[in-house]
Amino acid sequence: MNYYNEIKKKLINNEVYKKVKDYSKNKSDLTTYYNVGKLLYEAGNKYGECIIKEYSNKLIIDVGKKYNERTLRRMRQFFKMFNNEKWSPLATKLTWSHYTELLPIKDKNKLLYYLNISINQNLSRNDLRNRIKTNEYERLDETTKQKLIKKDKEEVQDFIKNPIIIKNSTAYDEISEKVLKQLILEDIDNFLTELGEGFSYIKNEYKIKLGDRYNYIDLLLYNINFNCYVVVELKITELKKEHIGQIKLYMNYIDKNIKTINQDKTIGIIICKKDNKFVMEYCSDSRIFRATYILN
């Protein structure tokens, strides 16, 4: 087989196809680059690693400048990635630009995580790049990672990142709870993403009446996927035992006065500056979770 002629033909046909059939050019790209990657893999095994550079020099002249050595190596890696694992990249909604962000990931489980959230959450290439850049997978709990590997049933708390990254528009490292809340509200979409999937914002400083006194929940959210209210309390200190008592009181209030019979029990998330594993060790309520935050 003349590998170079086959590669050249497929790339030229793809360029022509994209101009005529714009509505399905993404599938054409992925099919072409996968097949070219296969040919490059076979050619490399037969003629040695230097053949990619040789083919690149020719393709730049015959087809276009974008088919440089780096691009060809990506195509070969694309083939190896999906051929080895028996995954099909062609049935997904992802584009070649998505895959160029995913190709550097060596860890199979990490790759599958970003692959799945890209498809399920309809992430743009830039969204995906940012999620990878902020080490989202690494900030998941180890129990969650094992659930993903085993494909166990997921729970609302599984995808709460730790630490949670909060964008800091101030020039200060030390802030008040009021400022922390304002930073979150300034970029509420990102904050909800840091918590996981299905979270929606209801209100901040949500007013409740306990006896003859009013109390205020820092943030009241709702998780659509798990059909439950979510109470969020913000603390700029280390986690303390009294924080557990406070959020549990608020959760019970929501369950008694706001939640309907068709909704699941309220959960609570304490976001604090510093963790205290001993406090959580003796917290008997499995509906309460905590995460630390960092300002970025």
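The values are calculated or read from the model by the stated rules, or taken from the named source; none is laboratory data. Note that the structure is predicted; figures quoted are calculated from it, not measured. Cβ sites come from the backbone with ideal geometry, for glycine too, and all protein chains shown count toward neighbours. Areas reflect the complete protein model, heavy atoms only, side chains present, ligands, DNA and RNA absent. Shrake-Rupley method; radii C 1.70, N 1.55, O 1.52, S 1.80 Å.
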Legend entry - the chain - percent relative contact order, Cα under 8 Å, separation 6 or more: 11
Legend entry - Peptides ranked, highest mean first, by Cβ atoms within 10 Å: ranges 240-249, 226-235: 226-235, 240-249
Legend entry - Phi-based couplings in Hz for the stretch 201-218 (Karplus 6.51, -1.76, 1.60; Gly and Pro marked x): 8, 9, 6, 9, 6, 5, 8, 10, 10, 10, x, 9, 10, 8, 10, 10, 6, 3
Legend entry - Computed Rg/Rh of the chain, alpha carbon atoms with Kirkwood Rh: 1.12
Inset, instruction - Please name whichever of 279, 51, 132 sits farthest to the positive end of the charge dipole of the chain, dipole taken about the Cα centre and charges placed at Cβ: Lys and Arg +1, Asp and Glu -1. - result: 51
Inset, instruction - Assign unit charges at the C-beta atoms only (+1 for Lys and Arg, -1 for Asp and Glu), then state the dipole size of the stretch 121-276 relative to its Cα centre in Debye, rounded to the nearest 20. - result: 220
Legend entry - Antiparallel %, DSSP beta bridges [both residues in the chain], to 5: 50
Inset, instruction - Sequence neighbours fewer than 8 away in the same chain don't count; with that in mind, list the aspartates and glutamates whose C-alpha is under 20 Å from residue 259. - result: 155, 205, 218, 233, 285
Inset, instruction - Add +1 for every Lys or Arg and -1 for every Asp or Glu among the other residues with Cβ under 14 Å from the Cβ of residue 293, and state the total. - result: -1
Inset, instruction - Quick one: pull the percentage of alpha-carbon pairs in the stretch 70-156 with a separation above 21 Å. - result: 31
Inset, instruction - Using θ = phi - 60° and the Karplus relation 6.51 cos²θ - 1.76 cosθ + 1.60, list the HN-Hα couplings for the stretch 132-146 in order, rounded to whole Hz, with x at every Gly or Pro. - result: 5, 4, 8, 6, 4, 4, 5, 8, 7, 5, 4, 4, 5, 4, 5
Legend entry - Where the Cα pairs of the stretch 144-277 fall when distances are cut into 5 Å bins, in %: 2, 9, 18, 22, 21, 15, 8, 3, 1, 0, 0
Legend entry - At R0 = 25 Å, FRET efficiency that the Cβ-Cβ distance of residue 122 and residue 146 yields, to 0.05: 0.40
Inset, instruction - Take every DSSP beta bridge with both residues inside the stretch 146-296 and express the antiparallel ones as a percent of the total, to the nearest 5. - result: 50
Legend entry - Set of lysines near residue 151 by C-alpha distance (under 21 Å), chain-local residues within fewer than 8 positions excluded: 86, 106, 108, 110, 161
Inset, instruction - Enter the accessible area of residue 156 (Å², nearest 10), with the probe set to 1.4 Å and all protein chains included. - result: 20
Legend entry - Amide proton proximity set for residue 289, modelled H, under 5 Å, gap of 5+: 268, 269, 270
Inset, instruction - Working from Cα positions, state the angle (0 to 90°, nearest 10) between the long axis of helix 108-120 and the longest principal axis of the chain. - result: 80
